[in-house]
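Only one structure is covered here, and it is reproduced in the block below.
What follows draws every value from the coordinates through simple rules; no lab data is involved. Please read all numbers here as calculations on a predicted model, not as lab measurements. Glycine gets a Cβ as well: all are built from the backbone with ideal geometry, and neighbour counts include every protein chain shown.
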Amino acid sequence: MNISRCFAFSSVLLLAACGDSVPEATDEQLVSLLGEHEEAYGQPLPPRILSNTEDCVRLLAGLEDEIVQDIPDEYLGRIKADCRTDLRDRLQDSELNPMGIELSHFENRELGERVSELAQPSREVARQARNEAREAKQKADAEAREAEQQAKIDEAQEKIATLQSSLDDRLEEFAQLCAEFMESRQSALDQDITVPSHLRWSTPSVCKNNFTQRLSSQVENVSERLAALEPGSGMFGPSIPYFGMADAEYLDAQKEDLESKVQEINQLLSE
C-alpha cells in the first residue's frame, strides 16, 4: 500500500459494527489511538501500530478465525483478554480517543481491516522518521565536532600570533636580563663572594647563544603548522602542534626565574 496515500487520506469514514455504528475517526486518529508514541535522538516519532497490536485487532475482529480455529478455546480466550486489556487502556485515554471508540467496536471486521491496512505503513513512516532523526543527529554531532575543532585551531593560532607580535620585545627583555645576570655573577666572583652552585655553574637556557635562534625557529614552525590545519567532521580532529618553548606562559616563567636569579646575586653583592 502506498504510504503517502495512506496517510494523506484524511476523509472521515463511518463504519457499522453489529448494528452499532463505529464512531467517525480519521486515519491519523486511529494510528494515534493504537500506535506507540516514541522518541528517537531527541525527536518525537510518528506513532506506529506494532505488529502485536495489529494482531490483536485482527483477532478481535474475527479476521484470523481460520488461523486460530485449532487453538484451544481456553488459551485463545486468555489471548483475547490480554488484547482487550491493552485496548481498554488506550480507549480510556480521552486525549487519544476523543472519538469515543469502545472496546466492542473492535469486533467490527471493517474496522479491523482498516486498522490492519494502516499498521504497516505507520511502521514504515516511523522507521523513516527514525532514520531521518538519526541522520540529523549525526550531522549535528559532526558539525558540533567541526566547530569545536575550529575553535581550538583559532585559539592556538591567536596564541601564536600574540606571541609573534611580542617576540622582539621579549627577546630584548631577555637580552637585558641575561646581560645583568652575567655581569652581576662575574662581579660577585671577582669580589670572592661565595656564589651558590646553581648560580655559579649554571647559565639559564634563555641566556645561551642559540636561544634566540631556537625560539624564533620554533615560533615559525608552530605558526606554519597551525596555518595548514583544517577542522574535520570525524571523531578525532587535527592535532594541535606542540608549542614547546614557543609558549607565552613558558617564556613568562623563564623570565620570572631569570629575574629571581638576578635579584639573588644582587642581594649577595649588597651584603
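Within the group Ser239, Ser165, Ser216, Ser187, which residue is in a helix (DSSP H, G or I), surrounded by fewer than 11 Cβ atoms within 10 Å (Cβ to Cβ) and of a type in the set (Ser, Thr, Tyr)? Give the derivation first.
Working: Ser239 fails: in a helix (DSSP H, G or I); Ser216 fails: surrounded by fewer than 11 Cβ atoms within 10 Å (Cβ to Cβ); Ser187 fails: surrounded by fewer than 11 Cβ atoms within 10 Å (Cβ to Cβ).
Exactly one residue qualifies, and that residue is Ser165.
Are any of the residues in the range 224-233 farther than 30 Å from Gln138 by Cα, in a helix (DSSP H, G or I), touching a helix residue (DSSP H, G or I) at 6+ places or on another chain (Cβ under 9 Å) and not acidic (Asp, Glu)?
Of all residues in the range 224-233, those farther than 30 Å from Gln138 by Cα come to 224.
Imposing the further condition that a residue be in a helix (DSSP H, G or I) reduces the set to 224.
From what's left, touching a helix residue (DSSP H, G or I) at 6+ places or on another chain (Cβ under 9 Å): none.
No, the range 224-233 contains no residue that is farther than 30 Å from Gln138 by Cα, in a helix (DSSP H, G or I), touching a helix residue (DSSP H, G or I) at 6+ places or on another chain (Cβ under 9 Å) and not acidic (Asp, Glu).
Evaluate the range 71-79: report whether one residue or more is loosely packed, with under 12 Cβ neighbours inside 10 Å and among the small types (Gly, Ala, Ser). Quick ask: steps written out before the conclusion?
Filtering the range 71-79 down to residues loosely packed, with under 12 Cβ neighbours inside 10 Å leaves 72-75, 77-78.
Subset that is among the small types (Gly, Ala, Ser): 77.
Among the residues of the range 71-79, at least one is loosely packed, with under 12 Cβ neighbours inside 10 Å and among the small types (Gly, Ala, Ser), which makes the answer yes.
Among the numbered criteria (1) small (Gly, Ala, Ser); (2) outside any helix (DSSP H, G or I); (3) without any contact (Cβ under 8 Å) to a residue 24 or more places away in the chain, which single criterion is violated by Ala81?
(2)
Is it true that some residue in the range 239-249 is under 21 Å from Leu268 (Cα atoms), without any contact (Cβ under 8 Å) to a residue 60 or more places away in the chain and over 32 Å from the mean Cα position of the chain (by Cα)?
No, that holds for no residue.
Here's the yes/no breakdown for (1) touching a residue at least 12 places away in the same chain (Cβ under 8 Å); (2) in contact with a Ser or Thr (Cβ under 7 Å, 6 or more places away or on another chain); (3) closer than 22 Å to Pro241 by Cα; (4) in a helix (DSSP H, G or I):
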{"position": "Ser94", "(1), (2), (3), (4)": "no, no, no, no"}
{"position": "Asn97", "(1), (2), (3), (4)": "yes, no, no, no"}
{"position": "Val115", "(1), (2), (3), (4)": "yes, no, no, yes"}
{"position": "Gln120", "(1), (2), (3), (4)": "yes, no, no, yes"}
{"position": "Ala142", "(1), (2), (3), (4)": "yes, yes, no, yes"}
{"position": "Glu155", "(1), (2), (3), (4)": "no, no, yes, yes"}
{"position": "Leu171", "(1), (2), (3), (4)": "yes, yes, no, yes"}
{"position": "Gln176", "(1), (2), (3), (4)": "no, no, no, yes"}
